[in-house]
Amino acid sequence: MTTKEAIINTISDILKRQVDENTVKDEIQEWDSLKHLQIIMEIEEQFNVVIPIEDLSKINSVKDILNILRIS
Amino acid sequence: MKIAVLSNVNVDSISEKLNDQFQVYTPPGFNTWINEISNDNSGLNIFDPDVVFILVDGISLFSESLFEDAIHIMDDLINFINKYAEKHSKKKIIVSNIDVKDPKLVPFKYYKDTSRIENIWVEKLKSLNRENIYIFDLQELIRDNGRNLMYSDKGWYFGGMRFSMNGEKIIVSEISKILSAFKGGQKKCIVLDLDNTLWGGIIGEDGINGISLSDVKEGSQYKDFQKRLKDLKNMGVLLAISSKNNFDDAIEVIRNHPHMVLKEDDFVSMKINWEPKYVNIQKIAQDLNIGLNSIVFIDDDKFERESVKTQLPEVEVPDFPQDSTMLAKWVARLQKDYFEFIEVTEEDLEKTEMYKSQEKRKTLLEQSASFEDYLSSLEMKLKIWNLKKEDVPRAAQLTQKTNQFNVTTKRYTEFDLEKMMADPSFSLYVGSVSDKFGDNGKVVFLIVKKDKDIAYIDTFLMSCRVMGRHIEDHVVDFVEEEMKKQGIKKIRTYYIPTKKNISVKNLWDDLGYQRISEDQNGEVSYEIDLENKPKRKVYSQLVI
């Protein structure tokens, strides 16, 4: 599994639905603020990265998350 | 099972994770737990959970407080918890201990001691002395895993969530294990290999002086492993051996090695031979009269493990640690996975002894000329007395676990029995049985309700350990005599059929009771006139 796939899996697990790299937060009902925080925290802990709190509101899609982690 | 999770921090995420396995209620918002437990109309009280977890975050509760203020806050909280526990005595209330971190920066000499306040919290909880309050060791989880892993600053500042995702997973895992323990389903027996399991090396090749088992270094890995296994044995877990060895080689170690923690007496069965291990395990299950699914098999050899997994898929076969330094700690994992007991009664502690005595009885039976001869030569003694406070846990356990010799199969909690004890129209009897091979412990329980000159036997049960020895005849004789002394003229009782109590279908008929009625579910009611009761043959002696 590539890192990209692992990240998409992690996000899907938390939202309890399958997402892909084009999924946008606003499209998904389940992706509320609690889930948003959970996703950020899970990514940080699993991939050993830091996502500054100031950036949380700038993250609105799976692509944003991949970008912040510098994964194309 | 309905559970509630309350906290002074946001635990929505924890509840969500538990929701897969249980019905979970968590109040909206956070720090509303005091309201929820004190208010009769709260969401919590409407939900009516069976188990309530109160996860207390020590950091947000106490860290900035002065010591004296902290004590006041604590007293208030403990008071609320106490009132709730008293009002809902059938609910289990599990309160965590606390981890307190003082964030203030200080010079080196000024040592910040938060342990005092952490300890006082636990002392205050314990001093409530409530049977339905349990303590959840949150502190240990945090210590074992580290604050850096368990907590999340981002979660806290952004969402009032104290714990990290990893921390929540760990907490959820603990909570699940505890809830499973309340449900039952723990295993009963561990079957152990010997070479490279209970000691390092192979006895057949290395000899008793060559194996690794000592107080220091490598040998102490195995000694510590044995110590933790002994802890499990002392909780009522049965230990057995299945080892491919010459019996004499192995028994020499078990009997004579100075660092052997587990002795011959600690094992209920030792299958030391060259047979396939799965055959031995089947025999062990038969000897002990337990299911294969109650057995956990431990062996360092992957081939042996795979073989047992294939042949006996019901047996639990955990992976053996690859590194022997992890052995002793691994037993804690085994406890969590298979042997998480809430409480241990006297009877549990003596299980190994009891199984061994049972073996001796079997041998006597084989050697007796007739069954009556066997019963007489057992020299059984029966003791019956009115239920006392210290008998209550065992009696409740019996009503919950006894399925075969149980005429009405009514399940009672300790609380139920205490209520009956306080009611003079009830007579509750406990009985113990011993014979020349040992004491079977408290194995008989009856609940009798008196109404004018008629007594109703609501519950009559016996542990299957003592079935088939006509003890029941003697017990019923005794109770009838007791009732006669109290002016009772007739006794009424019942048989309520279940899948498991077929063996007592005709018990009352055999004891001379008359059938009064039978309904379409197979429930039969009986009556006996105490002036005309039959004389019964008994093989036990009644002792005071």
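The values are calculated or read from the model by the stated rules, or taken from the named source; none is laboratory data. Computed from a predicted structure; not experimentally measured. Cβ placement follows ideal geometry from the backbone for every residue including glycine, while neighbour counts extend to all protein chains displayed.
Selection within region B:142-171: residues that are surrounded by fewer than 20 Cβ atoms within 10 Å (Cβ to Cβ) and aliphatic (A, V, I, L, M). The member of this set that is nearest to the other protein chains (Cβ to nearest Cβ) is B:Leu149.
I'm trying to understand the selection: among the residues of region B:12-44, which are part of a strand (DSSP E or B) and of a type outside the set (Ser, Thr, Tyr)?
Of region B:12-44, the ones part of a strand (DSSP E or B) are B:23-25.
Scanning region B:12-44 gives B:Gln23, B:Val24.
Of all the numbered requirements in (1) over 27 Å from the mean Cα position of the chain (by Cα); (2) more than 30 Å from B:Glu379 (Cβ to Cβ); (3) not charged (D, E, K, R), B:Val479 misses one, and that requirement is (2). Within region A:51-66, identify whether any single residue is in contact with a strand residue (DSSP E or B) (Cβ under 7 Å, 6 or more places away or on another chain), more than 10 Å from chain B (Cβ to nearest Cβ) and not hydroxyl-bearing (Ser, Thr, Tyr), and answer yes or no. Yes - at least one qualifying residue is present in region A:51-66. Considering each residue of region B:329-347 in turn, at least one proves to be in contact with a Phe, Trp or Tyr (Cβ under 9 Å, 6 or more places away or on another chain) and at pLDDT below 95. Mind listing just one residue for me: the one in region B:83-137 that is touching a residue at least 12 places away in the same chain (Cβ under 8 Å) and among the acidic types (Asp, Glu) and, of those, farthest from B:Ile73 (Cα to Cα)? Per the stated criteria, the residue is B:Glu131. Can you confirm whether region B:131-139 contains a residue that is at pLDDT below 95, buried (at least 16 other Cβ atoms within 10 Å of the Cβ) and away from chain A (no Cβ under 14 Å)? The answer is yes, given that some residue of region B:131-139 is at pLDDT below 95, buried (at least 16 other Cβ atoms within 10 Å of the Cβ) and away from chain A (no Cβ under 14 Å). Specify the residue that is nearest to B:Ile272 (Cα to Cα); the eligible residues are those in region B:201-254 that are free of Cβ contacts under 8 Å to residues at least 12 places away in the same chain and among the acidic types (Asp, Glu). Ranking the qualifying residues of region B:201-254, first place goes to B:Asp248.
Does any residue of region B:29-49 turn out to be on the phi < 0 side of the Ramachandran plot and within 14 Å of chain A (Cβ to nearest Cβ)? Checking region B:29-49: at least one residue is on the phi < 0 side of the Ramachandran plot and within 14 Å of chain A (Cβ to nearest Cβ). The listed residues are B:Ile454, B:Ile488, and the only one of them that is among the aliphatic types (A, V, I, L, M) and in contact with a Leu (Cβ under 7 Å, 6 or more places away or on another chain) turns out to be B:Ile488. Of the residues making up region A:15-50, those that are surrounded by 13 or more Cβ atoms within 10 Å (Cβ to Cβ), in contact (Cβ under 8 Å) with a residue 24 or more places away in the chain and more than 14 Å from chain B (Cβ to nearest Cβ) are A:Val19, A:Glu21, A:Thr23, A:Val24, A:Lys25. Restricting attention to region B:176-212, the residues that are outside any loop (DSSP other than H, G, I, E, B), buried (at least 17 other Cβ atoms within 10 Å of the Cβ) and modelled with pLDDT of 95 or more add up to 9. Among the residues of region B:372-384, those that are surrounded by 13 or more Cβ atoms within 10 Å (Cβ to Cβ) and not small (Gly, Ala, Ser) comprise B:Asp373, B:Tyr374, B:Leu375, B:Leu378, B:Glu379, B:Met380, B:Lys381, B:Leu382, B:Lys383, B:Ile384.
Screening the candidates B:Tyr412, B:Tyr355, B:Tyr429 for the property of being assigned to a loop (DSSP other than H, G, I, E, B) and of a type in the set (Phe, Trp, Tyr) yields one hit, B:Tyr412.
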